[in-house]
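Working notes, structure below.
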Amino acid sequence: MPGITREEVAHLARLARLELKDEELDHFAGQLDDIIGAVARVSEVAGQDVPPTSHPLPLTNVMRPDEVRPSLTPEQALSGAPAQEQQRFKVPQILGEE
Amino acid sequence: MTVTDLVPYEDALAAYDPVMGLEVHVELGTKTKMFCGCATTLGAEPNAQTCPTCLGLPGSLPVVNATGVESAIKIGLALNCTIADWCRFARKNYFYPDMPKNFQTSQYDEPIAFDGYLDVQLEDGEVFRVHIERAHMEEDTGKSTHIGGATGRIHGARHSLLDYNRAGIPLIEIVTKPIVGAGERAPEVAKAYVAELRELIKALGVSEARMEMGQMRCDVNLSLMPKGTEEFGTRSETKNVNSLRSVERAARFEIQRHAAVLSSGGKIVQETRHFHEDDGSTTPGRIKEEAEDYRYFPEPDLVPVAPSREWVEELRAGLPELPRVRRNRLREEWGVSELDMQAILNAGAVDLIVATTDAGADAASARKWWMGELARRANEDGVELGALPITPEQVARVAALVADGSLNDKLARQVIEGVLAGEGDPDTVVEKRGLKVVSDEGALGTAVDEAIAANAAIADKIRGGKVAAAGALVGAVMKATRGQADAARVRELILEKLGVEG
């Protein structure tokens, strides 16, 4: 029986650094379980002869030659950064006090 | 800071068998990144080599670097791996700002190369086969600078700064199968494996594999099992061990640490550990179980890589002679022992000696100069042998001057000294310093006569049959000619003049 538990949703939320309230966890756990259940029905239809698909196009080996193309300037690269310092992206503290 | 308990190495090995796994990341030397056309030039100013793709901006799409795939296949083939006929990339999701996409494009259950081996030779010549689990393609992360903490550490930092120039540079991760049965030689095997892998990568021309530049990085996974049992213990993963010596030290330290924990009834915690170059110890990092939830899934923005068998065979046919095979061939050609060859390898002299013999010197003199005078100088100056300001061609020229009798060894050393001091090529140094063997028989004869006259007692001994005493007179003549005489010829002249058979 596929599905997702409330604990699993809480775990995923933590991995994605999403702060969910208890009632949100209840709400999303129910919804996600429904969605997974719906998607799981695909595997009831697909037989052994149908290979899993990760890409809708029947393409392989799309490669580019190892040739340099222009990059953005540092100013352009940093233009969307909420904060910057020393021409670098500035991010909040990564590890809290331990 | 707590002191880590250690058990003496011999005691640890008497009670336990070590099991190792080595993960090596190699940064490829491609001109561009793995999934976009940004340059990979070292030393660029911060964030000058980024684009919407490697910054993970919405709407951008990656396309894989053909040379990156080719390099991965070459490495796989050189490691005797099977090359996948179809494989995909996968997203490795994690929450850390060194990847602006919030995932690393990697490969998960479909590596491009798998099931191989690498034979490594230990210092005494014993060959140990290390089995390879897989080699897969992925990308490097950006560079973080932590601000506000002690000595740039992430702990205690107020905030961090990110330079994404390195984010997206192609990496090949090479993972061994568990290495069992190496016993007390496990640390030595680890070092020899990484050394051999580095030689291999360099020979393939896919990376310079300079560990001090971070172009090759090693994680050492280690566990112990009580002797006589076969179930692996819990492992620790020591990250970013970045020199050959450190690989050996890290393995040794972990063996001693694990043994101390286990023999006192404790349990090994599965965790990543940091290696400290200064004292060779490791300290705990994050607990692994929390971090390992990467939620891999197939990368929908990249299509599968399906290398044709023709391409794979073409690359196989173009592989260079493998380093160990080449070293053994050269060892036989040069007529040196395993131990001498190991010393030559450790000194970084193999290619220099080859280049010197290519320039016309015989192997014995090429080896003599590089492993003698020049190795000594490199050691004194604290530089790599290849970084000395003398070329193999110049060394070959010195050897040629010795061979034709223009220089003796003492003068040759002065010529080399002159070349290293920037006085020009060997012939210029000979000319400028006036370093020529005195071959004027008249002048040499006079010097010999004077030496005999000044050392009558020794001369008598020689006349009386003590030929060995001639050395003292040879020394006197060499001194008088300031070393510029051919010692063998001087000895001949002395014996001749004293009427003694040599």
Q.
Need one number for the protein assembly as shown: average projected area of the convex hull over its C-alpha atoms, nm².
A. 38.9 nm²
Q | Kirkwood-type radius of segment B:155-236, with distances r between different C-alpha atoms, in Å | A | 16.0 Å
**Q.** Per-residue HN-Hα couplings for segment A:15-32 [Karplus 6.51, -1.76, 1.60; θ = phi - 60°; Hz; x = Gly/Pro]
**A.** 4, 8, 6, 9, 8, 10, 6, 4, 5, 5, 4, 4, 4, 5, 4, x, 4, 5
Q.
Give me, ordered by chain and number, the residues 5 or more places off A:E85 or on other chains with an amide H under 5 Å from its own placed amide H.
A. A:K90
Q: Measure of size requested: the Rg and Dmax of segment B:1-109, with Cα atoms as the atom set and Å as the unit; please supply both.
A: 20.0, 59
Q. Can you tell which of B:V500, B:G265, B:T145 lies farthest toward the positive end of the dipole of chain B, using +1 and -1 charges on the Cβ of basic and acidic side chains (Lys, Arg; Asp, Glu)?
A. B:T145
Q. Measuring from centroid to centroid over Cα atoms, what is the spacing of segment B:454-487 and segment B:187-238 in Å?
A. 58 Å
Q. When each pair of different Cα atoms in segment B:323-433 is counted once in the 1/r mean, what is the Kirkwood radius in angstroms, to one decimal?
A. 14.1 Å
Q.
How shielded is B:159-165 by partner chains, expressed as the average number of their Cβ atoms within 10 Å of its Cβ atoms?
A. 6
(Q) Taking every pair of distinct Cα atoms and averaging 1/r, then inverting, what Kirkwood hydrodynamic radius in Å comes out for segment B:9-296? (A) 19.9 Å
Q: With θ set to phi - 60°, apply the Karplus curve 6.51 cos²θ - 1.76 cosθ + 1.60 along segment B:194-211 and write out the HN-Hα couplings as whole Hz, x wherever there is a Gly or Pro.
A: 5, 5, 5, 4, 4, 4, 5, 4, 5, 5, 6, x, 8, 6, 7, 6, 8, 5
Q.
Please compute, for peptide A:7-14, the average count of beta-carbon atoms on other protein chains lying within 10 Å of each residue's beta-carbon.
A. 1
Q: Stick to Cα atoms and the Kirkwood definition of Rh, then tell me Rg/Rh for chain B.
A: 1.11
**Q.** Long-range tail of P(r) for chain A (Cα pairs > 24 Å, %)
**A.** 63 percent
Q | Taking N as its residue count, the alpha carbon Rg of segment B:441-497 over 2.2 N^0.38 Å | A | 0.98
Q: For peptide A:74-81, compute the average count of partner chain beta-carbon atoms within 10 Å of each residue's beta-carbon.
A: 5
Q) Tell me, what ³J(HN,Hα) does each residue in segment B:397-408 have, in order and in whole Hz, if you take phi through Karplus 6.51 cos²θ - 1.76 cosθ + 1.60 with θ = phi - 60° and put x for Gly and Pro? A) 5, 4, 4, 5, 5, 5, 4, 8, x, 5, 10, 9
**Q.** Size of electric dipole in the protein assembly as shown: Cβ of Lys, Arg +1 and of Asp, Glu -1, about Cα centre, debye, nearest 20
**A.** 1220 debye
Q | Cα-based convex hull volume of segment A:1-46 per residue, rounded to whole Å³ | A | 66 Å³
Q. How many angstrom separate the Cα center of segment B:68-138 from the Cα center of segment A:27-98?
A. 22 Å
Q: Show the residues, 5+ positions off or on another chain, whose built amide H is closer than 5 Å to the amide H of B:V64.
A: A:R64
**Q.** Under 22 Å from the Cα of B:K410 - lysines, other chains or at least 8 residues apart
**A.** B:K368, B:K432, B:K436, B:K479
Q: Identify, among A:P52, A:A38, A:A16, the residue whose Cα sits farthest towards the positive end of the charge dipole of chain A, taking +1 on the Cβ of Lys and Arg and -1 on the Cβ of Asp and Glu, with the dipole about the Cα centre.
A: A:P52
Q) Which residues' amide hydrogens lie under 5 Å from the amide hydrogen of B:C38, considering only partners 5 or more residues apart or on another chain, with H built in the peptide plane? A) A:R69, B:K33
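Values in this text are rule-based calculations from the coordinates and carry no lab data. Computed from a predicted model, the values in this text were never measured in an experiment. Methodologically, a virtual Cβ is constructed for each residue, glycine included, from the backbone with ideal geometry; neighbour enumeration extends over all protein chains shown.
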